[in-house]
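*Asks:* Sharing a structure with you now.
The values are calculated or read from the model by the stated rules, or taken from the named source; none is laboratory data. Everything numeric in this text was worked out from a predicted model, so none of it was measured. Cβ placement follows ideal geometry from the backbone for every residue including glycine, while neighbour counts extend to all protein chains displayed. Surface areas here come from the heavy atoms of the whole protein model, side chains and all, with no ligands, DNA or RNA. Shrake-Rupley method; radii C 1.70, N 1.55, O 1.52, S 1.80 Å.
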Amino acid sequence: MDIDEFRKRGKEMVDYIADYWENIRQRRVYPDVKPGYLRKCIPEEAPEKAEPWEKIMEDFEQHIMKGVAHTQSPHMHGYAVMSSGASVLGDMLANSMNCMSFAWETSPACTELEVVVTNWLGKMVGLPSEFLNTAEESKGGGVLQNTTSEATLLTLLSSRRQALSRLTVTLGNVDEARLSSFLVAYCSDQAHSSVTKACRISSVRLHTVQSDEQFCLRGSKLATAIQMDREAGLIPFYLCATLGTTFSCSFDNLEELGPICMKENIWIHVDAAYAGSTFVCPEYRHWMAGIQYVDSFVFLPCKLLLVNFYSCAMWVKDTSVIEKTLATKQAYTGEKKSGYQIDYMNQQISLSREFHSLKLWFVMRSYGAEGLQEHIRKVARLGSQFEALVRSDARFEVLASCGLGVVVFRLEGDNSLTESFLLELNSAGRTFCGKAVLRGLSAVRFMIATRCTTYNDLLYDWDQMQCTATQLLYKHKKYSQLPK
Ligand SMILES: *Cc1c(COP(=O)(O)O)cnc(C)c1O
């Protein structure tokens, strides 16, 4: 593609995207396709000869779009992955430069902007200054990872390295591999599956601790688990606490967990993937009480904060713990750096990395803290309005709601009823919800998932849900005739 062609097609593409967003309500939110559908429409082999752009776009609309679940539709309530024009355009710019930014030298602006935006963002969500890299002697700092799962794995591995180093000093010359087999990590029964995955990848024993009636991990339960493990000769070293759990948006009690972990030398990692964005509003920061005990904190601006994938912000109070685990011989750069001169390759698993900070910078500047707060408050308000609709219909029960845009509810009765409800609702393609299981109860997980969702959209979705419930209950002979 030559530069004139690029200019022409680029303008068309932005128009295509704007039309797509503007008219997204006209599309099915979830596609009506069967596994293998695409294979039937697309040749087995890549083309030998160049094909015209029009033909590629035509096939895109006809075949690819046909199988897309539209996360940016206001009728999507299954995943919150909110994007924005500012983010997409900032990312376009980053993609066009395709920078290498694993070390400061490889593209200084990439590294320095990442320090700036992680400081901005950290302050915006009210993190204590120990997490920020604001002075030459700062030990803390932020880094943009790809995903929460990577951040969990990284902090697990780093805290294990730290624990093993500490133990080999106190215990003398013991075999590290053997010592490692005595280590134990903790999370609650509501923690994200990525904690289990991280422990499995790294062969770490995981003790899953029961949460309370509010799905919150409490100090007393953790203390009991630790005592039990100590008596069995195990060595506690890591806790992944969650602020805003996946199934019910519940919050672990850091104020209770913190002092216990401090006493036991346990690294506290906080997974605030979803709810972290809401802390841009001071009124939600009470959920962070106890943050002073935390060692690492992660959230996803790509969930609620209008930044497109990937965007995962992680902060560590002592970044040297991560670097000691990950740094190889610093083959690319030589010396140990400080301040803004960071080699971010030493704080992530991969070597190469995208210019992730640019889209965040565009979003933070074009919305401002005020604009982002307003957006989060709108999400929360819409969530509460939807919850009121659900509560107005006695056939449904609300299992959990945190007032932050997530409502978990079910049809009264057997699990199979709610499961059929969700299946029928989603396969009709007009509105889409996620699934949750809470204490053995199947439920619908509803979240506000786009920046342009309106109350009218919710009324439409609620109407779909009520009709689906009525049809289903009639089919199950709960009504003798279909009510109006
Ligand atoms: C969404 C979410 C994740 C997702 O993890 P990724 O690896 O970034 O996809 C993890 N934890 C929680 C609590 C979440 O809500």
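*Asks:* What's the number of the condition Leu234 fails, among (1) open to solvent by less than 20 Å² (accessible area, probe 1.4 Å); (2) of a type outside the set (Val, Ile, Thr); (3) away from the ligand (no atom under 11 Å from the Cβ)?
*Replies:* The one condition Leu234 does not meet is (1).
*Asks:* Additional query: May I ask you to verify whether Val143 is under 12 Å from Cys312 (Cα atoms), open to solvent by less than 40 Å² (accessible area, probe 1.4 Å) and aliphatic (A, V, I, L, M)?
*Replies:* Judged against the criteria, Val143 is a match.
*Asks:* Continuing with this model, one more query. With the structure loaded, tell me whether Thr196 is open to solvent by 20 Å² or more (accessible area, probe 1.4 Å), among the β-branched types (Val, Ile, Thr) and within 16 Å of the ligand (Cβ to nearest atom) or whether it fails that test.
*Replies:* yes
*Asks:* Specify which of the listed residues (Asp32, Asp4) is assigned to a helix (DSSP H, G or I) and either open to solvent by 80 Å² or more (accessible area, probe 1.4 Å) or not polar (S, T, N, Q) (or both). Lay out the reasoning, then the answer.
*Replies:* Values: Asp32 fails: assigned to a helix (DSSP H, G or I).
Testing whether each residue is assigned to a helix (DSSP H, G or I) and either open to solvent by 80 Å² or more (accessible area, probe 1.4 Å) or not polar (S, T, N, Q) (or both) leaves just Asp4.
*Asks:* Can I ask one more? Select, from Met76, Met100, Met57, Met92, the only residue that is at negative phi and open to solvent by less than 30 Å² (accessible area, probe 1.4 Å). Spell out how you get there, then give the answer.
*Replies:* Numbers: Met100 fails: open to solvent by less than 30 Å² (accessible area, probe 1.4 Å); Met57 fails: open to solvent by less than 30 Å² (accessible area, probe 1.4 Å); Met92 fails: open to solvent by less than 30 Å² (accessible area, probe 1.4 Å).
Being at negative phi and open to solvent by less than 30 Å² (accessible area, probe 1.4 Å) holds for just one of Met76, Met100, Met57, Met92, which is Met76.
*Asks:* State the number of residues belonging to region 16-27 that are part of a loop (DSSP other than H, G, I, E, B) and in contact with a helix residue (DSSP H, G or I) (Cβ under 9 Å, 6 or more places away or on another chain).
*Replies:* Looking only at that region, the number is 1.
*Asks:* Sticking with this one: Select from region 199-231 the residues that are polar (S, T, N, Q) and part of a loop (DSSP other than H, G, I, E, B) and write down the one among them that is nearest to the ligand (Cβ to nearest atom).
*Replies:* Here is the first cut: in region 199-231, the residues polar (S, T, N, Q) are 202-203, 208, 210-211, 214, 220, 224, 227.
Still in the running and part of a loop (DSSP other than H, G, I, E, B): 202-203, 210-211, 214.
Numbers: Ser202: 16, Ser203: 20, Gln210: 18, Ser211: 13, Gln214: 16 Å.
Here the residue is Ser211.
*Asks:* Looking for something away from the ligand (no atom under 16 Å from the Cβ), over 30 Å from Ala428 (Cβ atoms), without any contact (Cβ under 8 Å) to a residue 60 or more places away in the chain and under 20 Å from the mean Cα position of the chain (by Cα) - is there at least one such residue anywhere in region 119-136?
*Replies:* yes
*Asks:* Of the numbered conditions (1) touching a residue at least 12 places away in the same chain (Cβ under 8 Å); (2) over 28 Å from the mean Cα position of the chain (by Cα); (3) assigned to a helix (DSSP H, G or I), Tyr474 fails exactly one; give the number of that condition.
*Replies:* Of the numbered conditions (1) touching a residue at least 12 places away in the same chain (Cβ under 8 Å); (2) over 28 Å from the mean Cα position of the chain (by Cα); (3) assigned to a helix (DSSP H, G or I), the odd one out for Tyr474 is (1).
*Asks:* If you scan region 175-193, which residues turn out to be of a type in the set (A, V, I, L, M) and either surrounded by fewer than 13 Cβ atoms within 10 Å (Cβ to Cβ) or under 30 Å from Glu213 (Cβ atoms) (or both)? Working first, answer last.
*Replies:* Filtering region 175-193 for residues of a type in the set (A, V, I, L, M) gives 177, 179, 183-185, 191.
Answer for region 175-193, where residues must be of a type in the set (A, V, I, L, M) and either surrounded by fewer than 13 Cβ atoms within 10 Å (Cβ to Cβ) or under 30 Å from Glu213 (Cβ atoms) (or both): Ala177, Val184, Ala185, Ala191.
*Asks:* Something else about it: Which residue out of Val307, Val270 is under 20 Å from Gln162 (Cα atoms) and either within 16 Å of the ligand (Cβ to nearest atom) or not in a loop (DSSP other than H, G, I, E, B) (or both)?
*Replies:* Among Val307, Val270, only Val270 is under 20 Å from Gln162 (Cα atoms) and either within 16 Å of the ligand (Cβ to nearest atom) or not in a loop (DSSP other than H, G, I, E, B) (or both).
*Asks:* Restricting to region 280-304, name every residue that is within 13 Å of the ligand (Cβ to nearest atom) and open to solvent by less than 40 Å² (accessible area, probe 1.4 Å).
*Replies:* Hits for region 280-304 are Phe297, Val298, Phe299, Leu300, Pro301, Cys302, Leu304.
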